[in-house]
Every structure is written in structure tokens, then in C-alpha cells.
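Structure first, commentary second.
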Amino acid sequence: MPSQETIERNTRAVKDALKRPGNRRCADCTAKGPTVCAIQFRTFVCSNCANAHRELFPGGKLKSVSLAEFETDEVRAMRQHGNEASRTIWLASWAPSDGEPEPNCARDKLKKFLSRKYIDKEWVAGSGAAAPAAPP
């Protein structure tokens, strides 16, 4: 188990990563102020999108920025990746005409968008090989 000092350092590091301009909006919709880390995608998402992630990716790891304890490797991944880098992978060929969920949109609409983004890899540049695998 990590020391209290390590836990506090990791929590500060995640919160600092969240303050970066590219992370101030949810990675999956236009909501301001995401509060949850989607560890498997190394992104920050809002609570509405986190709930949709739980339904679509039951094996996925989601952690509250303010309540969870983070492993050092999770902190490193969140700091090195984040929402801006995620957009360059998952939404490389996305266009505004493809649509993007509004904050607090209907769950079905959000899940459809997330499926297109992470499962179908519809907007990943090239063959989709550059994107991490979505869980089954």
C-alpha cells in the first residue's frame, strides 16, 4: 500500500493535470469541469459520461478526481495523455457535422456516440491500430 505522502502527491498531480486547458472540458461531451478519470482511455470525463462509460465498459476503471486514490502509473498516464491527446487519437477524422453530445444529453444518444468513438473507432486516423483497444 502506498504511503500517505505518495497518495497525496498523486492526488495533487491528477488535480494539476485536470487544470490544463485541454482537460477543462469533458473528453466525451462539451461539459465544463470534468470530475472523473476514465483510466483506460486516460481522459477526464463528466459524471454523466462516466455513467455511460460504466454501462458500455463494465470492466473499465473510473475514478473520482477528488475522492479516489491513484496509483503512480495511473497518474503518469493521465499526465502524459489527457483529453487533448485523446482527441488526436479517437477523433482524428471527426467533423462537427458528425455531432458531439451536449452536457446532460439523453443516455442513449451519449452511448451511441461513445460506441462510435471507442468501439467502432469511427474517427480514428488510418486503420484504428493507433488507438488502444476498447474493453469487450
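The values are calculated or read from the model by the stated rules, or taken from the named source; none is laboratory data. Predicted model, so just to flag it, every value in this text is computed and none were measured. Because the Cβ atoms are built from the backbone with ideal geometry, glycine has one as well, and the counts that use them run over all protein chains shown. For accessibility, only protein heavy atoms count, side chains too; no ligands or nucleic acids. Shrake-Rupley method; radii C 1.70, N 1.55, O 1.52, S 1.80 Å.
A compact table of results
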quantity	calculated
Computed lengthening from residue 120 to residue 6, 0.36 nm per intervening residue step minus Cα-Cα distance	37.3 nm
Of the trypsin sites (Lys or Arg not before Pro) in region 1-103, those whose Cβ has at most 10 other Cβ within 10 Å and which sit in DSSP loop	19
Nonlocal amide H pairs with residue 44, under 5 Å, H built at 1.01 Å	27, 38, 83
Dmax and Rg, reported as Rg then Dmax, of region 1-114 (C-alpha, Å)	14.0, 48
Ranked order, 115, 86, 47 - accessible area, probe 1.4 Å, largest first	47, 115, 86
Residue among 74, 84, 102 with the largest mean-square fluctuation in a Gaussian network model of the chain, springs linking Cα atoms under 10 Å	102
Carbon plus sulfur fraction of accessible area for the chain, probe 1.4 Å, in percent	50
Residues of the chain: accessible area per residue with a 1.4 Å probe, Å²	54
